[in-house]
1. Could you grab the pairs with beta carbons closer than 6 Å, sequence gap of 6+ or different chains, first residue in segment 66-95 and more than 10 Å from G140 (Cβ to Cβ), second one in a helix (DSSP H, G or I) and among the basic types (K, R)?
2. Looking at (1) of a type in the set (D, E, K, R); (2) touching a Ser or Thr at 6+ places or on another chain (Cβ under 7 Å); (3) under 30 Å from T7 (Cβ atoms), which is the only condition D47 fails?
3. Surrounded by 14 or more Cβ atoms within 10 Å (Cβ to Cβ) and either out of contact with any Gly (no Cβ under 9 Å at 6 or more places or on another chain) or closer than 30 Å to Q129 by Cα (or both), is that true of G20?
4. Considering only segment 100-138, state which residues are under 16 Å from T88 (Cα atoms) and in contact (Cβ under 8 Å) with a residue 60 or more places away in the chain.
5. Looking only at segment 38-60, which residues are aliphatic (A, V, I, L, M) and closer than 15 Å to V154 by Cα?
6. For segment 1-48, how many residues meet the condition of being part of a loop (DSSP other than H, G, I, E, B) and more than 18 Å from M64 (Cα to Cα)?
7. If the requirement is being in contact (Cβ under 8 Å) with a residue 12 or more places away in the chain and over 15 Å from L161 (Cα atoms), which of these qualifies: L44, L10, L52, L37?
8. Can you tell me which of F49, F29 is touching a Pro at 6+ places or on another chain (Cβ under 8 Å) and among the aromatic types (F, W, Y)?
Amino acid sequence: MAPAAPTWVLWLLQAVMVLGLLGLIVPVFPGLLVMWLGALAYGLIYDAFSTLGATLFAAITLLMIAGSLADNLLMGAGARHGGATWGTVALGILAGLIGTVLFPPFGGVLAAPLVVLLVEYLRQRDWKQAWQTLVGLVAGWGLAYFVRLAVGLVILALWWLWLWKG
């Protein structure tokens with residue numbers, strides 16, 4: 001850590017990292033991105049982009065990208081496995097984003113599955129098949145949660161290593 005910033009700044013960055021990690025509970029909250037932004041802020045504020053710092057930040061960046069992609073792919077794959085079209089998946093993601101913005105923090109969690117259920121019912125005129133699609137989406141969400149959580153814990157561990165060794 002080159003420049004000496006007040007101790008409260010580190011505590012604030014720690015709070016950002018933990019908020020990002022806890023935010024992973026909400027499917028449409030960009031917790032990994034929040035954690036990445038916290039790591040970036042640390043690197044910039046503390047001029048901590050030494051060889052080790054740059055390497056750890058690159059790893060954090062790759063993990064954030066991979067975790068975010070896996071999140072969307074697993075949820076979409078779950079819905080597709082349940083019978084949804086890619087259009088339904090896209091509408092579900094869009095509804096989740098809009099619901100989160102308009103009715104935080106749980107608007108997206110309710111809007112996405114509801115839209116998927118209704119769009120699939122309107123498309124197929126079969127509640128049983130629409131329900132199967134919803135079950136697939138929820139299964140994908142569940143798997144995506146554990147992937148996001150694992151990635152978030154690794155990002156947090158790498159950030160702590162950066163703090164300790166940087």
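1. G67/R148
2. Among (1) of a type in the set (D, E, K, R); (2) touching a Ser or Thr at 6+ places or on another chain (Cβ under 7 Å); (3) under 30 Å from T7 (Cβ atoms), D47 violates only (2).
3. Working: surrounded by 14 or more Cβ atoms within 10 Å (Cβ to Cβ): yes; either out of contact with any Gly (no Cβ under 9 Å at 6 or more places or on another chain) or closer than 30 Å to Q129 by Cα (or both): no.
The answer is no for G20.
4. Within segment 100-138, G108, V109, A112, L137, V138 meet the criteria.
5. A39, L56, A58, A59, I60
6. 9
7. Every option except L37 fails the conditions.
8. Result: F29 is the single residue among F49, F29 that is touching a Pro at 6+ places or on another chain (Cβ under 8 Å) and among the aromatic types (F, W, Y).
Bear in mind these aren't lab numbers, they're just calculated from the coordinates by the rules spelled out. From a predicted model like this one, the values you see are computed outputs, not experimental measurements. So basically every Cβ, Gly included, is an ideal-geometry build from the backbone, and we count neighbours across all protein chains shown.
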